[in-house]
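**Student:** Got a structure for you, written out below as structure tokens; questions coming shortly.
The values are calculated or read from the model by the stated rules, or taken from the named source; none is laboratory data. This is a predicted model, so every value here is computed, not measured. Here the Cβ is made from the backbone with ideal geometry for all residues, glycine too, and neighbour counts use every protein chain on show. Each accessible area value is taken on the protein alone, full model and side chains, heavy atoms only, with ligands, DNA and RNA left out. Shrake-Rupley method; radii C 1.70, N 1.55, O 1.52, S 1.80 Å.
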Amino acid sequence: MFTIFITLLICNFIGAFTENPIINKFTFLLLIPLFSITFLWRFQKLNLAVLAFLSFSLLGNLSTIFLKDTFTGLFSNGFHLLSFISLILLALQSLKLKRIDMVVGGYLILVLSINLYLLYSLYKFLIDIMLNDLAVKIFAVKSLALIILASVAFGAYLSYQTKKAILFLIATACFGFAAILEYLNSYYSSTLSFLMVDRILYIVGVYFIFRYAIAEAVVDIKKDIMKNKMKPYFNKGVLN
């Protein structure tokens with residue numbers, strides 16, 4: 001999986017420096033299928049929320065490549081919104097509010113409030129200059145989902161500070177910065193460098209989601225091994 005990750009990054013650099021968008025589009029489309037095949041070949045099962053994230057992300061990526069004009073932002077942002085909601089549901093499974101003290105909780109609420117205000121200001125600005133209100137609304141809701149995802153992921157990290165929580169938090173940060181560059185590329189300055197960094201951050205984010213899934217799968221395997229070791233004792237009635 002790491003080899004695929006490095007190969008995709010190199011292909012994106014080559015596509016940017018040669019100014020060949022076909023290479024970037026090709027690697028962007030292969031991103032999720034290659035990672036998924038590699039993961040399932042090794043572990044054979046995938047968390048339902050992660051599977052939903054990958055499915056909606058793939059549909060969003062396909063929309064970005066094959067749909068044009070108004071429909072590009074509409075469907076792409078819509079599918080990616082659903083993918084981020086899937087990650088929110090995944091992160092909520094690990095969030096334990098009782099593990100977060102009042103100071104850290106207050107800080108999270110403050111940061112969340114500032115981000116929500118900035119998002120509202122951005123939405124008011126875009127709604128005045130854009131002709132397609134629906135596309136702007138979906139973009140705003142997607143950005144809101146990212147803000148909530150970042151807050152929940154950070155809260156989950158503070159709850160446990162485990163390897164899985166760190167991997168998930170890194171992935172969330174990558175998706176957040178990628179969304180900012182996507183916004184700049186869509187509404188301000190459409191340049192190949194912005195698109196390249198946006199795609200690279202997205203690739204890194206997906207890679208760390210799979211690293212999270214691997215860490216989760218390894219934990220499940222260890223639990224199954226321990227369970228199988230204990231079965232003879234349960235069968236003999238030693239622990240019953």
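**Student:** Starting from residues that are part of a helix (DSSP H, G or I) and open to solvent by 60 Å² or more (accessible area, probe 1.4 Å), keep the ones in region 49-68 and report whichever is modelled with the lowest pLDDT.
**Tutor:** 66
**Student:** Taking residue 162 as the residue in question, decide whether it is modelled with pLDDT of 80 or more, surrounded by fewer than 17 Cβ atoms within 10 Å (Cβ to Cβ) and farther than 21 Å from residue 30 by Cα.
**Tutor:** Here the answer is yes, as residue 162 does meet what is asked.
**Student:** Looking at 77, 12, which one is in contact (Cβ under 8 Å) with a residue 40 or more places away in the chain and in contact with a Phe, Trp or Tyr (Cβ under 6 Å, 6 or more places away or on another chain)?
**Tutor:** Residue meeting the stated conditions: 77.
**Student:** So residue 46 ticks every box in (1) open to solvent by less than 80 Å² (accessible area, probe 1.4 Å); (2) assigned to a helix (DSSP H, G or I) but one. Which box is left unticked?
**Tutor:** (2)
**Student:** Here is a list of conditions, (1) modelled with pLDDT of 75 or more; (2) open to solvent by 20 Å² or more (accessible area, probe 1.4 Å), and residue 140 meets all of them except one; can you say which number that is?
**Tutor:** It fails just one condition, (2).
**Student:** Residues in region 113-134 that are at pLDDT below 70, in a helix (DSSP H, G or I) and open to solvent by less than 50 Å² (accessible area, probe 1.4 Å): how many?
**Tutor:** The total comes to 3.
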